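Presented below is the structure to which this report refers.
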Amino acid sequence: MERLSWTGALGPWLVPALEAALVALALAALAHPLALLAGYRLGPGPEAARSGPGRAARLTGGLLRLSLWALAAALAAFLIGGLLVPPEAKGILGRIATRLWPVWLSLGASFALVALFRRRLGLLGHLLGNPAGAVGLALVMFWVFAALFADQIAPFDPITDVIAGMKNKPPGTPLPAPEGTYGYYLLGGDALARDVFSRAVAGARVVLAIAPAATLFAFMVGITLGLPAGYLGGRLDLLLSFLANLVLAFPVILLFFLLVTPEIVAMGVPTYMAGALFLFPLIFLTILWNSRFRTRPPLRAALIGATLVLGGWLYAGLAWNADPFGVVSMPAGVLIVFVSVVFVNAPSVFRIVRGLTLDIRTRDYVAAAQTRGEGPWYIMLWEILPNARGPLLVDFCLRIGYTTILLGTLGFFGLGLAPESPDWGTSINAGRGLLQFVPFPPLVPAVAIMSLVLGMNLLADGLREESLRE
Amino acid sequence: MTAPLLEIDRLSIAFATRRGDIPAVADFSLSVAAGEAVGLVGESGCGKSTVALGIMRDLGRAGRISGGTIRFRGRDLATLSGSELRRIRGNDIAMVYQEPMASLNPALRIGRQLMEVPRLHRGASRAEARELAREMVADVGLPDPDRILDAYPHQLSGGQQQRIVIAMALMSRPALLILDEPTTALDVTVEAAIVDLVKGLGRKYGTALLFISHNLGLVLEVCDRICVMYSGEAVEQGPVRHVFDRMRHPYTQALFRSIPLPGADKTTRPLETIPGSFLMPQDRPRGCNFGPRCTHFEPGLCDTAEIAMRPVPGASDHEARCLRFEKIDWQSRPPVPKAAAPGEVGAPVLTVSGLRKYYEVSSGGLFGHRRRKLVRANETLSFEARQSETLAIVGESGCGKSTLAKVLLGLETATAGQVLLDDREVQETPIQKRGPRAVADLQMVFQNPFDTLNPSKRVGGQILRALEVFGVGATRRARRERMFELLDLVRLPRDFADRMPHQLSGGQKQRVGIARAFAGGARIVVADEPVSALDVSVQAAVADLLMDIQRTRRTTLIFISHDLSIVRYLADRVMVMYLGHAVEIGSTAQVFAPPYHPYTEALLSAVPVPDTRVEKTRIVLEGDVPSAIDPPPGCPFQTRCHWKDRVPNGRCARELPPMVELGSGHRILCHLSAEALGEMEPVFRVAAE
Ligand SMILES: Nc1ncnc2c1ncn2[C@@H]1O[C@H](COP(=O)(O)OP(=O)(O)OP(=O)(O)O)[C@@H](O)[C@H]1O
Ligand code: SF4
Ligand code: SF4
Ligand SMILES: [Mg+2]
């Protein structure tokens, strides 16, 4: 069998179209600023300011927009064409698009659902009307679905499928003996002869399992400490703020190196830190229920009981690896990564929550809660926190992106996760040595990180804009 | 007549929103002659500010002028170029906003900001500019101009800041000054001084004023002509006195009847509220916009076609947008609905004696040694409140009203003195330790309707929570039922329970706040400025609601307010506070008639009364309220008192006066002798009709 080309049978038509679109885009992008400048310079005085951009600028502006659309159309044609043409005519892109069909299906379905119930979905519905928000949401959902359906999408096992003769092969290389398996390494093979495409997809699963969960934990810690610091103030605030600044001032990478140093691991430092940090979600939920339902003791007892039993079980398993049933546990490497991410993110969240609390606690509804004798925790968790949710949500998105990069950095330094882990950071690290000769093994995960983080940032921007417009 | 300075002709302004265009202003015409003062009044959301911003062409991205013209000195502003427009905005038209800090740069000294104007527009030299700025600062009545010029904005009080903003606006000697609610954020006595200043300066420089306000009394004091707006249109305009005495639009009349003029009385002549509520611009009906709320509405006539302004006979340029004004009997009043008899005033339920509250604040920077200072928020207050009685507490901002409320409620503990709730001492008991019954008994209604409800919880849920906390109702069902009853009590539809607060208007939110306060069957309700942030017509409805609940439940109402008109209307007894002291206490009749405490007299004279028959003695207080950190020695009011000379030997500056009993519970804190007090004249005189 031959090596696959990128575009397959569609190439001869679509590649020139793509090139034309790119050339037009480049020209327009160059000409537009010039035309704008010229427009302002040629017509001095108020007339020019009032008539806005000159005719030339309007022309180049239109061209710019047109070429952008053309580019988008060409790319979409690659995807859709690749999906539709018969298998033997598909190129690499077409095959990848075909492998990703569960993602397209779920993306289409979820967007259709959101669009259908737009009115009732509030902020989420408005996001669709916001270009940045919609693109961000699409990128993020793409990776979420890719992670969910990784088993269906990846043609090979990311760790165990090592196929002789596929070491460092370029994209589209056929297997030497394709019996019963998929016939190609779509994005080539890495230095250990594993499929780069499968590893990238499987890596999404690792990253999306750790980053949001770790960020959520960081938020629980930050919120549990930030609320009382802002609301009660005084010595507590001074102390907590000082500690937060201390952690923030500590070089992150150094911290990670310390955490994985064998001596420190042997001393159990990561475990103790996990023991402390993982306690916060438990504390958080307990006071949440306690303050809300203090007037309904049976319900309160039930909720707190459930939280403590379930949470305690998870806590024992995750933090101390001491689950009596042996079900819940966390690999040591993951635990270290998790702890580091929570530890460096929590102080920033703390500062945001504290600032928001300082602002919201002066509102009359807080005073109203005080005058009916509510306790401080009820006020913090049920009166203040819900009204701080907007900025916190935006920060949550940004922070997941940041955590993704952090995971990448950790993997890149070979810290934490096992060396064969398919996560993106580790893959980049493994492939960087041969970057010049075999670019794809590190390049693919790098693009993956970039697109997920970009998606998160766009989503955050969209959320911020839309919540401001309420 | 000379050509008008500003001529607005059939102006329409629309805002683009997610749900399509909102026509905020429609078919609005108005002209302002040179040197004339025109008032623009109407309820919030009727488009007053939008008109002003339209004149300034400062509508933001969403706003756009969708029809009509604005001519300034005969030139259509729409045809002017950007730089010409800027020149007019800087030189000929100036604007003063409600919030003074919005117009001042907090990082620059006042002098710099003032000098910029002549330097930019006239190319004046530094020295010249500084001299001009000095003159202007003196002109706006600020003492010690040099010190002020070197100060930063945050070092000045709100009143001083607003004076600076006015000075800045007048620096370029504009032909037209637009003031959008310039005094709403200020205290009454400060407001009175600013209003005097604006009037005087307008006359001195021949500046035309466009004065936007919701306060009819102020408009009467400042303006020559008035334009009443409703729902984006002008409904009536004409000379001020003519419109006040012979209004010819039902909305204008309804507006006047909903404000407590002297003579209104909560039992015999209650305020009239305007039925229905203000419609959003996009839901305007066919025909007359006021139709759905008008008592003179005639189907088939008022709801068929757009209605134009028609001249009112009897005065030139008085016109009204009503088809039936000739046929309406303007004197008749609807029959007074029979109010429940006022509850018999019962035994004292709250007794305060010698209450003091000091706060300790530390000042001084990081390196300078910290100094501890005392803020004397409340000084030896003694009073009692009886069952079924309304006790009003009056005073300007910072006089300690809210601190008193906090101490009563247990959010703060007293520094000294005693607070008896029934006969339990509670001054030392913070609210957490009071027990649900005592907490439910003493509740509070808050000032800011936009802040009083938690924006992310449903209305019903917030009332339910209060019921839960107060231990009302055994089951969820019972509490839900009770919650619905409370909504009935404050006259809100039951399906409001499922609404989010942002779906409610200001008045409706305030009602929910009242329902929440009465959730545990409160016997004493402290209402901190409950109506001051509401529109006048809504104010009347909320005040009457409070009175009604009080009558049926025999509640004790402690009504904190700076608005003396509403206090006179609904209080039984009044306590006037100044700088933490109670300076006068007595029944409403006693406090509102001479002999007054000198501060009460000034306060009364500062209240703008929207009634052409009332004549007022003008007493304009100099300066600002001193700081509670270092209060003046002797009498707290001595720095601003007009009567100080009548006390021999300068005792006012040395000794704190005693609380003097003037008979039957009327007490004042003053050194003035009985005969000096006897010479006091009433502040208001109603001219014979
Ligand atoms: N930027 C905007 N976008 C959409 N609608 C707006 C905007 N600004 C004002 N409006 C609407 O225009 C109408 C008039 O508003 P405007 O601020 O002029 O009222 P106002 O009479 O000055 O009220 P107030 O007394 O509260 O200052 C209102 O219905 C308001 O909701
Ligand atoms: S036109 Fe009719 S509805 Fe409108 S104000 Fe006059 S009487 Fe009332
Ligand atoms: S004691 Fe003196 S300064 Fe104080 S109010 Fe009376 S007259 Fe004025
Ligand atoms: Mg306004």
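Computed FRET efficiency, Cβ-Cβ of B:SER627 and A:LEU236, R0 25 Å: what is it to the nearest 0.05?
After rounding to 0.05, the efficiency reads 0.25.
Think of the protein assembly as shown as having a plus end and a minus end, set by charges on the Cβ of Lys, Arg, Asp and Glu; of A:LEU435, B:SER664, A:GLY108, A:LEU435 sits farthest toward the positive end of this dipole. Over the range B:6-223, accessible surface divided per residue gives 40 Å², non-protein components excluded, 1.4 Å probe.
Charge dipole of the protein assembly as shown (Cα centre as origin; +1 on each Lys and Arg Cβ, -1 on each Asp and Glu Cβ, all else neutral): 1080 debye, rounded to the nearest 20.
For a protection proxy built on the mean count of beta-carbon atoms within 10 angstrom, sort B:37-44, B:199-206 highest first, please.
B:37-44, B:199-206
For B:VAL235, enumerate residues with amide H under 5 Å from its amide H, sequence gap 5+ or separate chain, H modeled in the peptide plane. Residues meeting the amide H criterion: B:VAL228, B:MET229, B:TYR230. Working value for chain B: equivalent-ellipsoid semi-axes of 41, 35, 26 Å, each the square root of 5 times a Cα gyration tensor eigenvalue, largest first. The mean number of partner chain beta-carbon atoms within 10 angstrom of a residue's beta-carbon across peptide A:368-381 is 6.
Taken about its Cα centre, the range A:393-470 carries a charge dipole of about 220 debye when Lys and Arg each add +1 at the Cβ and Asp and Glu each add -1 at the Cβ.
Applying 1/(1 + (r/R0)^6) with R0 = 51 Å to the Cβ-Cβ distance of B:ARG482 and B:TRP330 gives a FRET efficiency near 0.70.
Once R0 is set to 56 Å, what does the formula 1/(1 + (r/R0)^6) return for the Cβ-Cβ distance between A:LEU258 and B:ASP9, expressed as a FRET efficiency to the nearest 0.05?
After rounding to 0.05, the efficiency reads 0.15.
Modelled label positions at A:ARG294 and B:ARG147, each set 7 Å beyond Cα in the direction of Cβ, lie 4.9 nm from each other. Report the relative contact order of the range B:6-223, percent, no decimals, based on alpha-carbon pairs under 8 angstrom and at least 6 residues apart. Across the range B:6-223, relative contact order equals 27 percent. One quarter of the surface of the convex hull around the alpha-carbon atoms of the range B:584-686 equals 7.1 nm², the direction-averaged projected area.
Helix A:279-292 and the long axis of chain A differ in direction by around 60°, with both axes built from C-alpha atoms. The alpha carbon centroids of the range A:157-171 and the range B:613-689 are separated by 96 Å. Remark: mean inter-chain Cβ contacts per residue of A:359-365 equal 5, using a 10 Å Cβ-Cβ cutoff to other protein chain atoms.
Using only alpha carbon pairs under 8 Å that are at least six residues apart, calculate the relative contact order of the range B:348-571 and give it in whole percent.
In percent, rounded to a whole number, it is 25.
Atom-type composition of the exposed protein surface of the range A:187-330 places 77 percent of the accessible area on carbon and sulfur (1.4 angstrom probe). Peptide B:193-202 has a mean of 0 when you count, residue by residue, the C-beta atoms of other protein chains within 10 Å of its C-beta. Computed from the Cα positions only, the extents of the range B:412-532 along the three principal axes stand at 46, 36, 23 Å, in decreasing order. Heavy atoms of the protein chains alone define the surface here; on that basis the range B:584-686 has 44 Å² accessible area per residue at 1.4 Å probe size. Work out which residues of the range B:484-520 lose at minimum 10 square angstrom of accessible surface when the other protein chains are put back, relative to the chain isolated, with a 1.4 angstrom probe, and list them by number. SASA drop of 10 Å² or more in the range B:484-520: B:ARG516. A cut-off of 5 Å between modelled amide H atoms, ignoring neighbours fewer than 5 places along the same chain, links A:TYR185 with A:GLY172, A:THR173, A:LEU175.
With each label modelled as a point 7 angstrom along the Cα→C-beta vector, the A:PHE111-A:TRP13 pair spans 2.3 nm. Which of the three applies to the range B:231-324, rounded, prolate or oblate, going by the alpha-carbon gyration tensor with a ≥ b ≥ c and a/c under 1.5 meaning rounded? Since a/c reaches 1.5 but b/c is at least a/b, the shape of the range B:231-324 is classed as oblate. Spin-label model, A:LEU34/A:SER5: points 7 Å from Cα along the beta carbon direction are separated by 3.5 nm. Residue-wise HN-Hα couplings along the range B:24-40, as the Karplus relation 6.51 cos²θ - 1.76 cosθ + 1.60 with θ = phi - 60° gives them from phi, are 6, 10, 9, 6, 9, 10, 6, 10, 10, 7, 4, x, 9, 10, 10, x, 10 Hz; Gly and Pro carry x.
Full extension of the chain between B:ALA127 and B:ARG491 gives 124.7 nm of extra length, using 0.36 nm per residue less the Cα-Cα distance.
Counting only the backbone N, which residues of the range A:1-33 are under 13 Å from the spot 7 Å out from the Cα of A:LEU83 toward its beta-carbon? Label zone hits: none. For chain A, the longest principal axis of the C-alpha atoms and the axis of helix A:440-468 are separated by about 60°. Calculated mean residue ellipticity at 222 nm for chain A: -23500 deg cm²/dmol, from DSSP H runs with n ≥ 4 weighted as -39500 (n - 2.57), summed, divided by the residue count and rounded to 500.
Of the solvent-accessible surface of the range B:6-223, computed with a 1.4 Å probe and all protein chains present, 47% belongs to carbon and sulfur.
With a 1.4 angstrom probe, the accessible area lost at the A-B interface totals about 2400 Å².
Set the Cα radius of gyration of the protein assembly as shown against 2.2 N^0.38 Å, with N its number of residues, and you get 1.12. Split the accessible area of the range B:374-459 by element, probe 1.4 Å, and carbon with sulfur accounts for 46%.
Annotation for the range B:407-440 versus the range B:542-609: alpha-carbon center distance of 24 Å.
For chain A, the square roots of the Cα gyration tensor eigenvalues, ordered a ≥ b ≥ c, give a/c of at least 1.5 with a/b no greater than b/c, which places it in the oblate category. Relative to the longest principal axis of the C-alpha atoms of chain A, give the angle of the C-alpha long axis of helix A:332-360, reported between 0 and 90° and rounded to the nearest 10°. Once rounded, one gets 70 degrees.
Just to confirm, what accessible area per residue do you get for the range A:207-438 at 1.4 Å probe, in whole Å²?
43 Å²
A simple charge model with +1 on the Cβ of Lys and Arg, -1 on the Cβ of Asp and Glu and nothing else charged puts the dipole of chain A at about 1200 debye relative to its Cα centre.
Just how far, in whole angstrom, is the range A:107-149 from the range B:203-251 if you go by their alpha carbon centroids? Here the two parts' Cα centres lie 52 Å apart.
A protection proxy built from the mean count of other Cβ atoms within 10 Å ranks the segments B:575-587, A:413-425, B:616-628, most packed first, as B:575-587, A:413-425, B:616-628.
The values are calculated or read from the model by the stated rules, or taken from the named source; none is laboratory data. Note that the structure is a prediction, hence the values are computed from the model and not measured. Cβ: placed from backbone, ideal geometry, glycine included. Neighbour counts: every protein chain shown. For the accessible areas, the whole protein counts, side chains as well, though only heavy atoms, and no ligand, DNA or RNA atoms are used. Shrake-Rupley method; radii C 1.70, N 1.55, O 1.52, S 1.80 Å.
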